2 protein chains.
Amino acid sequence: MEIEVLLTPGEHRTAPLAGRLAVVVDVLRASTTIVEALAAGARDVVPVAEVAEALALAGPGVVVGGERGGLKCEGFDLGNSPREYTPAAVRGRRVVLCTTNGTRAIAAAVRGGAAEVLVAGFTNLKHAVGVAAAAGRDVTILCAGREGGFSLEDATCAGGLVAGLAYRCGDVARKSDAAFAAETLFRAHRDDLIRLFTVSGHGRHLVDLGLGDDLPVCARLNSRAVVPHLVEADRRPVLLPHPAVAGRDPGEATRA
Amino acid sequence: MEIEVLLTPGEHRTAPLAGRLAVVVDVLRASTTIVEALAAGARDVVPVAEVAEALALAGPGVVVGGERGGLKCEGFDLGNSPREYTPAAVRGRRVVLCTTNGTRAIAAAVRGGAAEVLVAGFTNLKHAVGVAAAAGRDVTILCAGREGGFSLEDATCAGGLVAGLAYRCGDVARKSDAAFAAETLFRAHRDDLIRLFTVSGHGRHLVDLGLGDDLPVCARLNSRAVVPHLVEADRRPVLLPHPAVAGRDPGEATRA
């Protein structure tokens, strides 16, 4: 198994993805929000890139959420805070999620011809490793980043995936330079993710917006047994819980 | 002081460099070779991007060196091994150096309008920090990378510059996400740079080419008291030892 990490969005366009498993990481906050929505019983999550596209999908049984600049868009039901995606808000409903960086990274993985696309954050790290290891494919982890650049928390979470895959697959795992670097970040910062978020530019931006309470939710390592998995439905890509872990007790991972 | 690190060459084109101090890092091997050449008494080093351009500058008192794919180009006097740039080979001569990644990063810094451009590797890290700290400017570190992508040893060396600048400038230093990540890499790997090189894709490639003896030279932390500094001469950018450290005994840093 070959493990590659794309640390910046600029690399998403040109990296070879065909036949590979792509894992999209946008810790603050799309990954975490998508995992929360599916854990709360949303029917599925439709990632969209543009506000108008999101609003066009509104209707009965649909919750439209997302952000621009970190804040809820006009006309949307919810923002991009994982705390908003409660069972009361989303259970049984389709969630249309429009975010800046995460959704674009998912779109890049699809355009690049990845064989499978998963979404991972710190909250579902262990189960994402399990699904990725079982896929038996080379893995490319796409860090969503921020404003087109490097994001500390995404690279660190990518490193958690690398560490887990290397542990599961042993010497079979061949890590790129970026995969090795990301693993170093994870080993250095895994025990204080909240501090990591308060160092990161995106984390500080969320605190400035009054959204600092999102950070502890995004830092809850292995708190969810849900791995969002991209499938084709209604002629568009939608995210569903991967069947290998879907339906497990969401508290299971925490107790493990 | 704001410290930014550009981890991948794709970021060099778009990052704002005007008015800033740019430090170009290409540990394996352009940075190390340029430092060795100037430490060995070369008159100056002319970085060029293309083989034909390098050959056109050949003539009396000129040594033409460099590589494509790690190997010496046809018609060149020397390759890109720092071990070749001895006093016997280069003292008093102009060195025209054509390398793949390092030279391009220097060109990107010039095109981006950086106020000053330095070259740093592990061998001149301490003195590069000294010159950069004294410049009183915001700093952007350009990792040359490899094949357009991330390079482990360049990012780690950039982190050494970040750590040194943050130590010298204290709380005044504001680090970007990438600067913080690079610093983590340096703190994790500074004590075993040879191991770092044997993990890195570029280091393994050099070993495969039979150039493994270059690695210990590139890993000699603070062994040289030379900081290459870009100036205009003969209507082209050339690298000279920065006057703040030029002329010191090259053994000084090792003993310090």
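Quick notes
- The dipole here belongs to the stretch B:89-153: it is taken about the Cα centre, uses +1 on the Cβ of Lys and Arg and -1 on the Cβ of Asp and Glu, and is about 320 debye.
- For chain B, built as a Gaussian network whose Cα springs stay under 10 Å, the top-fluctuating residue of B:G160, B:G130, B:G65: B:G130
- Inter-centroid distance (Cα atoms) of the stretch B:50-70 relative to the stretch B:199-231, Å: 20 Å
- Inter-chain neighbour count for A:178-191: the average number of beta-carbon atoms from partner chains within 10 Å of each residue's beta-carbon is 5.
- Shortest first, A:Y167 label-point distances to identical copies amount to 3.2 nm, with the label point at 7 Å from Cα along Cα→Cβ.
- With its label point put 7 Å out from Cα toward Cβ, B:G92 sits 9.1 nm from the same residue's point in the other copies, in order from shortest.
- Among the residues of A:145-155, the average count of other protein chain beta-carbon atoms within 10 Å of the residue beta-carbon is 4.
- Using the average count of surrounding beta-carbon atoms within 10 Å as a protection proxy, the listed peptides A:141-148, B:209-216, B:111-118, A:30-37 rank, highest first, as A:30-37, A:141-148, B:111-118, B:209-216.
- What separates the Cα centres of the stretch B:23-39 and the stretch A:1-35 is a distance of 33 Å.
- Percent of beta bridges antiparallel (DSSP, chain A, rounded to nearest 5): 30 percent
- Judged by the mean number of other Cβ atoms found within 10 Å, the most tightly packed of the peptides B:227-238, B:87-98, A:98-109 leads the ranking A:98-109, B:87-98, B:227-238.
- Label point of A:A115 (7 Å along Cα→beta-carbon): distances to the other copies' equivalent points are 5.3 nm, sorted ascending.
- Given +1 at the Cβ of Lys and Arg, -1 at the Cβ of Asp and Glu and no other charges, the dipole of the protein assembly as shown around its Cα centre is 260 debye to the nearest 20.
- Per-residue [θ]222 nm for chain A (sum of -39500 (n - 2.57) over DSSP H runs n ≥ 4, rounded to 500): -10500 deg cm²/dmol
- Antiparallel DSSP beta bridges within the protein assembly as shown, percent to nearest 5: 30 percent
- Interchain or long-range residues, amide H under 5 Å from B:R174's placed H: B:E2, B:I3
- Computed lengthening from B:D192 to B:R68, 0.36 nm per intervening residue step minus Cα-Cα distance: 41.8 nm
- Scaled radius of gyration (Cα, divided by 2.2 N^0.38 Å) that the protein assembly as shown gives: 1.04
- Extension gain for A:E147 to A:R235 (0.36 nm times residue separation, less C-alpha to C-alpha distance): 28.7 nm.
- Dipole size of chain B about its Cα centre, with +1 on Lys/Arg Cβ and -1 on Asp/Glu Cβ: approximately 380 debye, rounded to the nearest 20.
- Within the same chain, lysines fewer than 8 places from A:K175 are excluded, and of the rest, those with a Cα less than 25 Å from its Cα are A:K126.
- Taking amide H as placed 1.01 Å from N in the peptide plane, A:V64 has its amide H under 5 Å from the amide H of A:D77, A:L78, A:V96, each at least 5 places away in sequence or on another chain.
- For the stretch A:145-237, with +1 on Lys and Arg beta carbons and -1 on Asp and Glu, the positive-most of A:T198, A:V227, A:C169 along the dipole: A:C169
- Among residues of chain A, the one whose Cβ lies closest to the rotation axis carrying chain A onto chain B, together with that distance rounded to whole Å, is A:G10, 2.
- Taking 7 Å steps out from each Cα toward its Cβ at B:V207 and A:R204 produces label points 3.9 nm apart.
- Once the chain from A:D138 to A:L57 is taken as fully extended at 0.36 nm per residue, the excess over their C-alpha distance is 25.7 nm.
Each value in this text was obtained by applying a stated rule to the coordinates, not by laboratory testing. Computed from a predicted structure; not experimentally measured. All Cβ positions, glycine included, derive from the backbone under ideal geometry; neighbour counts span all protein chains shown.
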